[in-house]
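Down below is the structure, laid out as structure tokens.
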Amino acid sequence: MKGILVFGVLMALIGCGSIDAQHRQLDWWERMTLYQIYPRSYQDSNGDGVGDLKGITSRLHHLVDAGVDAFWLSPIYKSPMADFGYDIADFRNIDPIFGTLDDFDQLVRTAHDLGLKVLMDLVPNHSSDEHEWFQRSLRNETPYADFYTWHPGTVVNGERVRPNNWVSVFGGPAWTWRDERQAWYLHQFDPKQPDLNYRNEHLVQEIKDVFVYWMDRGTDGFRVDAVPHLFEIESLIDEPLSGLTDIPTNYSYTVHDYTTNLEEVYDMVGQWVQVLKDYSDRSNSTRIMMIEAYTNISCTMRFHEIGAQFSFNFGFIENIDESATALDIKQKVIDNWLDNLPPQSTPNWVIGNHDKNRVASRFVPELVDALNMVNHLLPGVGVTYYGEEIGMEDRWISWNDTQDPQGCGATPETFEDYSRDPARTPMQWDATTAAGFSTTDKTWLPVNDNYRTLNLAAQKEADVSHFKVYQAILKLKKEAVIQHGTVNVKLLNKNVLAFSRELEGSGEVIVVANMVNRTEKISLNAFSGLPDTLTVSIASIHSSLTAGTEVSKSSFEISGMAGLVLRSGADALTSSLVLTLITVLLAYFRY
């Protein structure tokens, strides 16, 4: 009876425009808000100062409260942590610092019970040099001898030298000598991260089995790391010089035509896509593959063409900086992506991750809300790096702040290697010890000093806050006009960007972002068909216009650094009421 009641009410609400029966049902990933968790920094459950799986499980209700649909975990595999887990010593186990396989299974069960999808970070380009495969390859054991790329090098003036001039992404030669094998091994990243050799069929099958292993444990998909580096040219010839630098140990010294984006990369990813597709068909639940590829736009789009659900869009991270104008965002981020996206592909938008300065620090704190609006209300998938929902800021670290907790291998002389850490500080939950992240104040990285005022608990209590704006954005994202509507991007002037989301039977949604720190007088007459008066539906916390304020489409002022979401008055009210009713009814049906 309860189900019949809910179904009947939902069908009635279709006529109100909040559900669009004329459009195909989107798969779960096509409409998702994806949230990146950096496990070391999310929640510590045992007081050792390092985040762990039990801690993450205890905080999953926050994601539901925020409106997030899925989350992915940066690497949690067994690892010596030479590169904070991106050097994997066992692809089928959890590092003790994070917990156990049982802890992972409980995390997945809890997430699924809450309606959340769980995705993992997989690093298939290389392993740790402590991996069993590498140790057995070092001993030249079959079939592991060629799981990695070995070469004896050449003899020049009586000295054995490296096979070629290839340079590591992290700087220095891409080859390291091992006496045990009397050969050099290839590593496109750190020497403790030897590259796997995908021309070995046994290795190929091992990695395919890794995908299946984690799907069997309930994983809903994978973010696949460093994909362009999977293959290198077989002849191992020198790469051409770039002319950008005279320093042969600098990664920019050569043009990487022979070590990235080879044709075999796309074939291998296509094979992995098929593994996930076959598994999805058997289980009747889509498993997805997301590609991390810092490469040019044409190479990036090829991953869409071969069947990966998407390749991460790093336009906000790579193509613009703090000096970005509205024109830069339109041309270098939005147009560049949408104009090159293959037909029927789902766009995605990323404004932050664990390797880049946080949005509030890379730009300015006042722009957090506007950029979250743009990130999540453009078509497709919006990605949030943990803490961006409350506007967390970088915290620069000195050696005295850390003393290398948990033995990550840093020394005072090498601490500069950990310069990515400002964006990895612990999540700021509240104003208690260690911002509620841990029961100890000796955390693996120090909490940002501003945690007493900038934290989730305070923002939930405040009348207006970044978090409440974020909740409103994600609530709107679930409406049909955002999930199915067209997009039309305009420059209102050189400083103000706007775009409309439109769907027949639904009122238009207009998103406006002012990129400069001064009030701008603007008009929305560039968008045809709008009513004369619009209502502010969502406003950034520093905006002089607040939710419920009416503005004229022909002329109004937007505060400096402000973001606004505008709707027609009736549509703003109806959509809000309808979505609230749907949320309540679905919750009633669930329980």
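The values are calculated or read from the model by the stated rules, or taken from the named source; none is laboratory data. Quick caveat: nothing in here was measured; it's all calculated off a predicted structure. So basically every Cβ, Gly included, is an ideal-geometry build from the backbone, and we count neighbours across all protein chains shown. Protein only, heavy atoms only, side chains kept; ligands, DNA and RNA dropped before computing areas. Shrake-Rupley method; radii C 1.70, N 1.55, O 1.52, S 1.80 Å.
Here is how the numbers come out for the structure above:
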{"quantity": "The range 534-559 residues that are outside any loop (DSSP other than H, G, I, E, B), paired with ones that are of a type in the set (Asp, Glu) and open to solvent by less than 40 Å² (accessible area, probe 1.4 Å) (beta carbon under 6 Å, 6 or more apart)", "calculated": "558/520"}
{"quantity": "Residue match in the range 505-517 (condition: among the β-branched types (Val, Ile, Thr), open to solvent by 60 Å² or more (accessible area, probe 1.4 Å), in a loop (DSSP other than H, G, I, E, B) and modelled with pLDDT of 95 or more)", "calculated": "no"}
{"quantity": "Every pair of residues 6+ apart whose Cβ atoms lie under 6 Å, when the first sits in the range 124-143 and is in contact (Cβ under 8 Å) with a residue 24 or more places away in the chain while the second is acidic (Asp, Glu) and open to solvent by less than 60 Å² (accessible area, probe 1.4 Å)", "calculated": "126/195; 128/87"}
{"quantity": "Residue 74 at pLDDT 95 or above, among the polar types (S, T, N, Q), touching a Phe, Trp or Tyr at 6+ places or on another chain (Cβ under 7 Å) and closer than 23 Å to residue 114 by Cβ", "calculated": "yes"}
{"quantity": "Single match in 290, 301, 268 (criterion: open to solvent by less than 60 Å² (accessible area, probe 1.4 Å), farther than 25 Å from residue 167 by Cα and in a helix (DSSP H, G or I))", "calculated": "301"}
{"quantity": "Evaluation of residue 98 against (1) crowded, with 19+ Cβ neighbours inside 10 Å; (2) under 30 Å from residue 181 (Cα atoms) (one fails), failing number", "calculated": "(2)"}
{"quantity": "Any hit, the range 331-341, residues being more than 16 Å from residue 490 (Cα to Cα) and either open to solvent by 10 Å² or more (accessible area, probe 1.4 Å) or part of a loop (DSSP other than H, G, I, E, B) (or both)", "calculated": "yes"}
{"quantity": "Failed item in (1) within 30 Å of residue 333 (Cβ to Cβ); (2) touching a residue at least 24 places away in the same chain (Cβ under 8 Å); (3) not in a loop (DSSP other than H, G, I, E, B), with residue 252 passing the rest", "calculated": "(2)"}
{"quantity": "Flag if residue 51 is open to solvent by 20 Å² or more (accessible area, probe 1.4 Å) and in a loop (DSSP other than H, G, I, E, B)", "calculated": "no"}
{"quantity": "Exclusive hit being part of a helix (DSSP H, G or I) and modelled with pLDDT of 95 or more, set 98, 104, 91", "calculated": "104"}
{"quantity": "Index of the failed condition, residue 284 passing every other in (1) within 27 Å of residue 498 (Cβ to Cβ); (2) polar (S, T, N, Q); (3) open to solvent by 50 Å² or more (accessible area, probe 1.4 Å)", "calculated": "(1)"}
{"quantity": "Qualifying residue in the range 54-63 (condition: modelled with pLDDT under 50, more than 30 Å from residue 485 (Cβ to Cβ) and in contact with a Phe, Trp or Tyr (Cβ under 9 Å, 6 or more places away or on another chain))", "calculated": "no"}
{"quantity": "Of all residues making up the range 213-224, the number that are buried (at least 16 other Cβ atoms within 10 Å of the Cβ) and either aromatic (Phe, Trp, Tyr) or not in a loop (DSSP other than H, G, I, E, B) (or both)", "calculated": "6"}
{"quantity": "Every pair of residues 6+ apart whose Cβ atoms lie under 8 Å, when the first sits in the range 145-157 and is over 7 Å from residue 185 (Cα atoms) and assigned to a loop (DSSP other than H, G, I, E, B) while the second is open to solvent by less than 20 Å² (accessible area, probe 1.4 Å) and small (Gly, Ala, Ser)", "calculated": "147/137; 152/183; 153/183"}
{"quantity": "Residue within the range 64-86 that is hydrophobic (A, V, I, L, M, F, W, C) and open to solvent by 40 Å² or more (accessible area, probe 1.4 Å) present", "calculated": "yes"}
{"quantity": "Cβ pairs under 7 Å, 6+ apart, first in the range 371-393 and touching a residue at least 60 places away in the same chain (Cβ under 8 Å) and open to solvent by 10 Å² or more (accessible area, probe 1.4 Å), second among the aliphatic types (A, V, I, L, M) and not in a strand (DSSP E or B)", "calculated": "393/360"}
{"quantity": "Every residue from the range 229-259 that is open to solvent by 20 Å² or more (accessible area, probe 1.4 Å) and among the β-branched types (Val, Ile, Thr)", "calculated": "233, 237, 245, 247, 249, 255"}
{"quantity": "Of all residues making up the range 158-207, the number that are surrounded by 21 or more Cβ atoms within 10 Å (Cβ to Cβ), of a type in the set (A, V, I, L, M) and assigned to a loop (DSSP other than H, G, I, E, B)", "calculated": "1"}
{"quantity": "Some residue of the range 472-482 being open to solvent by 20 Å² or more (accessible area, probe 1.4 Å) and within 22 Å of residue 357 (Cβ to Cβ)", "calculated": "no"}
{"quantity": "Hey, residue 521 open to solvent by 40 Å² or more (accessible area, probe 1.4 Å), among the basic types (Lys, Arg) and at pLDDT 95 or above or not", "calculated": "yes"}
{"quantity": "Residue 500 being under 21 Å from residue 326 (Cβ atoms) and surrounded by 19 or more Cβ atoms within 10 Å (Cβ to Cβ)", "calculated": "yes"}
{"quantity": "Residue within the range 196-203 that is out of contact with any helix residue (DSSP H, G or I) (no Cβ under 9 Å at 6 or more places or on another chain) and closer than 21 Å to residue 279 by Cα present", "calculated": "yes"}
